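Notes follow once the structure below has been shown.
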Amino acid sequence: MQIGGVPRIRLANLPTPLEEMPRLTEALGGPRLFVKRDDLTGLGWGGNKIRKLEFVMADAKRKGADTVITFGGVQSNCAREISAAARRLGMKPVLFLLGKEPEEYTGNLLLDKIFGAEIHFFEIPPGVQTGGIDLEMAMKMMEQIAAGRVSELESEGRRCYIIPAGACTPIGCVGYVNAVLELVQQANDRGIKIDYIVHATGSGGTQAGMVLGVKALNAGIEVVGVDIGGEFKNMESFIAKMANETAKVLGLGVSVKKEEVTILRGYVGEGYAIPTEECIEAIKLVAEKEGLTLDPVYTGKAMAALIDQVREGAFSKEENVVFLHTGGEPAVFAYPRFF
């Protein structure tokens, strides 16, 4: 499988390490656990989106853009990574963040400010919290408001390139097809047969790329996404659709069905970006056993799900499970009260 035909700008430190987690494995008494360190991609504190942005930002530059616009939550990892990538490439980052502007900037938001991003806040309508408006609808409302700022920027002579939340586009998903190639090669070099990849799934692009990559390679790995937000409906269908659009970008004669997309639910708690007790316990356990930092929004909830699944006997002791660390450590500093 070749991905060389898709324009790419090198931004990430690759390959990221594949590390074993022996002390966590021993503590849980389950399968052999590994971690794929995509928190170490480098640019702007790293994270999984840097892989996607190698292809997305190349597309933006190819189209002559000098301004990139994106959307996310107040503590969005992707917004922070886009801000860093934009500055690396001499572009202006403009962020539209869903939530109230805090009195004090911390975590990812502080980094957004340091990178000099233009930041707009869209306070969540009351209906989001009462169930009258879901998060997906609120994001669409914010995108409509952003259209006005895009018009202003274009009238000033700037050329704008819009990146959806999570950099979730077929071009972006190519980054995680590439990640599967990298991971399988690392495992093969060490004589390891990977049975599962477990990761946090939010906007769905990371999972779409990995599911496609696994199928194209016929690698026999089950990609398990842990729903960390609970707000986006029909995720299996969306991820399959995104995977198939990515296959077209790459010219692959492979298709993914929604039945081939595995998502674990039941670990969201009260909502997106609201840590659960199990999430905080998972963060502390992994920190104490392996010296790894997880975040309270994405990786903490995903690890809580993995720990629960191990304890419930979902994996045999002979199986090899890779936890994809998607980054997000800066968000920890926005949640001190939980620790």
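Rule-based calculations on the coordinates, nothing more; no lab input. In this text, all values refer to a predicted model and were calculated from it rather than measured experimentally. All Cβ positions, even for glycine, are placed from backbone atoms using ideal geometry, and neighbour counts span all protein chains on display.
Brief remarks follow.
- Sequence-distant residues sharing a close amide H with GLU123 (under 5 Å, placed H): GLY99
- Residues TYR298, TYR196, sorted so that the one with the fewest Cβ neighbours within 10 Å comes first: TYR196, TYR298
- Count Lys and Arg as plus one, Asp and Glu as minus one, and take only other residues whose Cβ is under 14 Å from that of SER83; the net charge is then +3.
- The chain, dipole about Cα centre (Lys/Arg Cβ +1, Asp/Glu Cβ -1), debye to the nearest 20: 1100 debye
- Calculated [θ] (222 nm, deg cm²/dmol) that DSSP helices of n ≥ 4 give over the chain, each run adding -39,500 (n - 2.57): -13500 deg cm²/dmol
- Over region 1-67: Rg over Rh, Cα atoms, Kirkwood Rh: 1.18
- Selection among TYR272, LEU252, VAL321 by position relative to the dipole of the chain gives LEU252 as farthest towards the positive end (Cβ unit charges, Cα centre).
- Per-residue 3J(HN,Hα) values for region 22-32, derived from phi via the Karplus relation 6.51 cos²θ - 1.76 cosθ + 1.60 with θ = phi - 60°, read x, 6, 5, 4, 5, 5, 8, x, x, x, 6 Hz in sequence order (x marks Gly and Pro).
- Along region 259-267 the Karplus relation, 6.51 cos²θ - 1.76 cosθ + 1.60 evaluated at θ = phi - 60°, assigns HN-Hα couplings of 5, 8, 9, 9, 10, 8, 10, x, 10 Hz to successive residues, with x for each Gly and Pro.
- Sequence ranges 79-89, 148-158, ranked by mean other-Cβ count within 10 angstrom, highest first: 79-89, 148-158
- Remark: the Cα gyration tensor places region 264-315 in the oblate category, a/c being 1.5 or greater and a/b not exceeding b/c.
- Unit charges at the beta carbon, dipole of region 64-167: most positive-side option, LEU97, CYS160, ALA138: CYS160
- Once C-alpha pairs closer than 8 Å and six or more residues apart are averaged by separation and normalised to the residue number of the chain, the relative contact order reads 22 percent.
- Listed peptides 254-267, 161-174 by packing density, highest first (mean Cβ within 10 Å): 161-174, 254-267
- In terms of Cα atoms, the Rg and Dmax of region 64-167 work out to 13.5, 42 Å.
- Radius of gyration over Kirkwood radius for the chain, both on Cα atoms: the Rg/Rh ratio is 0.95.
- Gyration tensor verdict on region 240-331 (Cα atoms; rounded if a/c is under 1.5, prolate if a/b is larger than b/c, oblate otherwise): prolate
- Residues of region 5-19 falling in the label zone of LYS248, defined by backbone nitrogen less than 11 Å from a point 7 Å along Cα to beta-carbon, are absent.
- The shape of region 156-227 comes out prolate: with a ≥ b ≥ c from the C-alpha gyration tensor, a/c is at least 1.5 and a/b beats b/c.
- Taking amide H as placed 1.01 Å from N in the peptide plane, VAL226 has its amide H under 5 Å from the amide H of HIS199, ALA200, THR201, LEU264, each at least 5 places away in sequence or on another chain.
- Cut-off 20 Å (backbone N to label point 7 Å along Cα→Cβ of ILE274), residues of region 280-318: 280-283, 295-305
- As a length-normalised measure over Cα pairs under 8 Å and 6 or more apart, the relative contact order of region 64-167 settles at 37 percent.
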